[in-house]
Amino acid sequence: MNVLILGSGGREHVLAWKTAQSSVVQNLFVAPGNAGTAQVAKNVDLSVMDFDSVASFCKSNAIDVLIPGSEDPLVAGITDFIDAQDGLDVFVLGPNKAAAQLEGSKDYAKAFMIENDIPTAQYGTFTADTIQEAKAYLRTKNAPYVLKADGLAAGKGVVISESLEHADETLDDMLLDKKFGDASSQVVIEDFLSGVEFSIFALSDGENYIILPEAKDYKRIGENDTGLNTGGMGAVSPVPFMTDEYLSQVEKEIITPTFEGLKNRNMPFVGFVFFGLINDNGSPKVIEYNVRMGDPETEVVFPRLKNDFGKILKLASNKRLNEVNVQVDDRVCTTVFAVSGGYPESYTTGAKIEFRPHQANDSVVFHAGTKIDDNDILTNGGRVIAVSAFGENIQDALSKSYDGIGHIAFDKMYYRKDIGQDLLTLSK
Ligand code: AMP
Ligand code: GLY
């Protein structure tokens, strides 16, 4: 089996690392990839949004499975595009454009959840024409107010306002001044939910699904969850409150109705669903759907998956995921991200990354924003490198992640020192 993975982040390095270990995968490519993916696969200089070039690469390299890592090509319809090519028999591990709306439109996702009785915050959707209704709706709610641009906004489309005045201004920015372009031509206002956020992942072949381990990520740049949102500064899997009983509740109330609801809309889902959940006093509620794996969640979820991923891909392409017996490593896996100083605001790239000799015990280094320059590896983005590690408990895994990070250095490197600390106080 020949596999092409699209993307250049930490998630794609993990997917490539895992796929490369498969006994049924012959050739593995990543486009465009990074310095880490080059260690386990062949990097290909292709843009993930250049569907024509992706299709011709698939044809000339007899690709059997295509895995788009991020949402952009999926929401833009790469699956439909590849499926429509004459003479190309590629299984795309990702939803078609219609099903990708679960992530591509918050309004679509909310209406879908309400229709299928999937627990989520109450909401209203408004446009520039109904901005006065939006402001009246806010006045029926209490602070904090949650306002979401409907479309993809690179993770920046959610604003939580503490005052009515700020919420009104945000509505003006999004709806009248098109702060996020077309993505904010509709705005979803929803009730604020409080509780511990976590994510769980499922992989579906359109008929059957398997559930992958859950994770919690750390989005803010600063310690104690302060400062700006980032792509993710670290992650932990499992989360202490995920008992078998709670997982059954999540499956019954959220995962099964999601896949059933999609089938009922005549849009069976193929690919990963990332359920962004919040534990609202013991009741799981959906904050968002994504139609792909998370980053940095993949860095802790996939190392725990013991199955041969190539075999899972093969079964998925034949709608036989029901035959997979998911095997999960019982140990805790943590990851800590090293980022370029200044990120998520302005930062520089091109710094040489130094890897000091390290007796790595149960840990693995995943690259995100890195590139190869002759014999050096240079920084090439905000989030640069993550160290994932296994441990008997969260503290043990974290000590190994931090030990690994301590053996990596580059100019203005920054990382959070408090990943996972909040979970230590939650009882199992
Ligand atoms: P989203 O892009 O929908 O995941 O939202 C980004 C972040 O905003 C989430 O990870 C939450 O931290 C926060 N958020 C979104 N919706 C809500 C909500 N209804 N209540 C509280 N926090 C929320
Ligand atoms: N870690 C959040 C995401 O991948 O969207």
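The numbers here are math on the coordinates, done by the rules we state, and not lab data. This structure is a prediction, so every number in the text was calculated from the model and none was measured. Every residue, glycine among them, receives a Cβ derived from its backbone with ideal geometry; neighbour counts consider all protein chains shown.
For segment 375-385, what does the Karplus curve 6.51 cos²θ - 1.76 cosθ + 1.60, with θ = phi - 60°, yield as ³J(HN,Hα) per residue in whole Hz, taken in order and with x for Gly and Pro?
Here the 3J(HN,Hα) series is 9, 9, 10, 10, 5, 8, x, x, 8, 9, 8 Hz.
Taking amide H positions as placed 1.01 Å from N in the peptide plane, with prolines and chain starts having none, which residues 5 or more places from F91, or on another chain, fall under 5 Å of its amide H?
V65, L66
Quick one: what are the phi-derived ³J(HN,Hα) couplings along segment 245-253, Karplus 6.51/-1.76/1.60 with θ = phi - 60°, whole Hz, x for glycine and proline?
Running phi through 6.51 cos²θ - 1.76 cosθ + 1.60 with θ = phi - 60° gives 5, 5, 4, 4, 5, 4, 5, 5, 8 Hz.
How big is the charge dipole of the chain about its Cα centre, in debye rounded to the nearest 20, if each Lys and Arg gets +1 on its Cβ and each Asp and Glu gets -1 on its Cβ?
700
Apply the Karplus parameterisation 6.51 cos²θ - 1.76 cosθ + 1.60, with θ equal to phi minus 60°, to every residue of segment 279-295 and state each ³J(HN,Hα) to the nearest whole Hz, in sequence, with x for glycine and proline.
Residue by residue, segment 279-295 yields 8, 8, 6, x, 10, x, 10, 8, 8, 6, 10, 10, 9, 6, 6, x, 9 Hz.
At a threshold of 8 angstrom on Cα-Cα distance, excluding pairs fewer than six apart, so keeping six or more, what relative contact order does segment 88-204 reach in percent?
28
Using amide H atoms built 1.01 Å from N in the peptide plane, name the residues 5+ places from E297, or on other chains, whose amide H lies under 5 Å from its own.
none
Find how many whole Å separate the alpha carbon centroid of segment 168-184 from the alpha carbon centroid of segment 110-160.
13
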